[in-house]
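Just below is one structure, and these are the notes that go with it.
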């Protein structure tokens, strides 16, 4: 009896270790690589049936379909926008990242067309 309870507890512990980190939904500060400690903006993270998504302060999608792997890495689709006329959505690029814990993660955008790519650090905004 005790032996089977022990095995169930060990199995539950192993499953918990392998599951990967979950992100806390809510408001995050984004820091661009090399610009700490000045945040580059406030972003909102939510979760739906397709994974997590990140929306900027203007209501535009920034990253969508964040799929978290068992090793706390993730892949996603990054939205790209024109910063010069004509403004607006210009395409997608791949995003890969690592979740450090439920309140911090790093996302690296792949180079795409005229976009040079970039690495961003996100930290939960508890203020």
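The values are calculated or read from the model by the stated rules, or taken from the named source; none is laboratory data. The structure displayed is predicted, hence computed values, not measured ones. Glycine also receives a Cβ, built like all others from the backbone with ideal geometry; neighbour counts cover every protein chain displayed.
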Considering the range 4-49 alone, what residues qualify as being more than 14 Å from residue 102 (Cα to Cα), exposed (fewer than 12 other Cβ atoms within 10 Å of the Cβ) and modelled with pLDDT of 80 or more? 48, 49
Are any of the residues in the range 68-89 at positive phi, at pLDDT below 95, loosely packed, with under 12 Cβ neighbours inside 10 Å and in a strand (DSSP E or B)? yes
Which residue pairs have Cβ atoms under 9 Å apart, sit 6 or more places apart or on different chains, and have a first residue in the range 77-93 that is more than 12 Å from residue 112 (Cα to Cα) and a second that is surrounded by fewer than 11 Cβ atoms within 10 Å (Cβ to Cβ) and modelled with pLDDT under 95? 82/88
In the range 40-67, how many are farther than 15 Å from residue 118 by Cβ and assigned to a loop (DSSP other than H, G, I, E, B)? 6
Candidate set from the range 101-127 (those that are surrounded by fewer than 16 Cβ atoms within 10 Å (Cβ to Cβ), without any contact (Cβ under 8 Å) to a residue 40 or more places away in the chain and over 15 Å from residue 76 (Cα atoms)); member that is nearest to the chain's Cα centre (by Cα): 126
Of the residues in the range 90-100, those that are within 14 Å of residue 73 (Cα to Cα), at pLDDT 95 or above and more than 10 Å from the chain's Cα centre (by Cα) number 1
